[in-house]
Amino acid sequence: MKIFAIRHGQTNANAQGIYNGTLDEDINDIGISQAIQTKELMNNNHYDIIYCSPMLRAKHTCKIINEKNIPVIYDNRLRERTLGKLDGKNLENEGFGKNLFFDYNYKSKDENFEDLPTLFKRVHEFLDEIIKKDKDKNILIVAHGGILRAIYFYFNEIPQDGDLSIYVPKNCEINNYEI
């Protein structure tokens, strides 16, 4: 079984350093170009099913990549991390900083902020399910930076200090995992 995990193409918020979290923004022209390039790279890879975030930026990227019309399953567990009052903000301008954003041990006082352990639990349960259910298939996942980080740390050990900034997926980056 192979899992290919791809982050959506660039959005205007990505280009401006804004974390859009659950704000449902489409990809921009650069994001469309990135998705077309990714489609070309994926043409040499076989996958049987696609799991995709139901958010617009992931769906649009998936539509471009899915030239072969492979069945797509939209799964809410692949939605981006909820950032509460920080959705749509430049975190550094808000005094938050990337250190806290990528700190696995950080607990926010904002009840609408999804911390990394909660996000990872959601994504890891999804992975456990598809690995069991689709064990004889190759899978493509199209989602978001936070989701790809959770997938990465499903297959790799979380550092003891909780600093997850060692892995920050780029737009339309392809990650391969073999089980």
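Residue by residue, the range 27-43 carries 3J(HN,Hα) couplings of 6, 9, 4, 5, x, 5, 4, 4, 5, 5, 5, 5, 4, 4, 5, 7, 4 Hz when phi is fed to the Karplus relation 6.51 cos²θ - 1.76 cosθ + 1.60 (θ = phi - 60°); x denotes Gly or Pro.
Residues in the range 140-169, backbone N under 14 Å from the label point at M1 (7 Å along the Cα-to-beta-carbon vector): list them, ranges by number please. What the label zone holds, given the 14 Å backbone N cut-off, is 140-141, 155. Among 67-77, 118-128, the peptide with the highest mean count of other Cβ atoms within 10 Å heads the list, and the full ranking is 118-128, 67-77. Taking every alpha-carbon pair under 8 Å whose residues sit at least 6 apart, the chain reaches a relative contact order of 38 percent. Computed about its Cα centre, the charge dipole of the chain is approximately 320 debye, with only Lys, Arg, Asp and Glu carrying charge at their Cβ.
For a 31 Å ceiling on Cα separation, which of these pairs sit above it: K85/K133; K109/K133; K2/K107; K59/K132? Each step should come with its number before you reach the end.
Working: K85/K133 36 Å; K109/K133 37 Å; K2/K107 34 Å; K59/K132 25 Å.
Beyond 31 Å between Cα atoms: K85/K133; K109/K133; K2/K107.
Surface exposure of the chain, expressed per residue as accessible area with a 1.4 Å probe, stands at 50 Å².
Along the axis of the charge dipole computed for the chain (Cβ charges of +1 for Lys and Arg, -1 for Asp and Glu, origin at the Cα centre), the listed residues G88, A35, H144 are led at the positive end by A35. Amide H contacts for R81 (H built 1.01 Å from N in the peptide plane; partners 5 or more residues away or on another chain; cut-off under 5 Å): G146, I147.
Compared with the dominant principal axis of the Cα atoms in the chain, helix 145-155 is inclined by about 70°. Helix 56-65 and the long axis of the chain differ in direction by around 30°, with both axes built from C-alpha atoms. Take the alpha carbon gyration tensor of the chain, find the square roots of its eigenvalues, order them as a ≥ b ≥ c, and report rounded if a/c is under 1.5; if not, report prolate when a/b exceeds b/c, else oblate. Judged from the Cα gyration tensor, the chain comes out oblate (a/c at least 1.5, b/c at or above a/b). The 3J(HN,Hα) values that the Karplus relation (6.51, -1.76, 1.60; θ = phi - 60°) gives for the range 105-111 are, in residue order, 8, 6, 10, 7, 7, 7, 5 Hz. Gly and Pro appear as x.
Stretching the chain fully between Q160 and A15 yields a gain of 49.1 nm (0.36 nm per residue, less the alpha carbon separation). Only DSSP H runs of four or more residues enter the estimate; each adds -39500 (n - 2.57), and after division by the residues of the chain the mean residue ellipticity at 222 nm equals -10500 deg cm²/dmol.
The values are calculated or read from the model by the stated rules, or taken from the named source; none is laboratory data. What you see is a predicted model, and the numbers here were worked out from it, not measured in a lab. Cβ atoms come from the backbone with ideal geometry, glycine included; neighbour counts cover every protein chain shown. Side chains included, ligands, DNA and RNA excluded: accessible areas come from the protein's heavy atoms. Shrake-Rupley method; radii C 1.70, N 1.55, O 1.52, S 1.80 Å.
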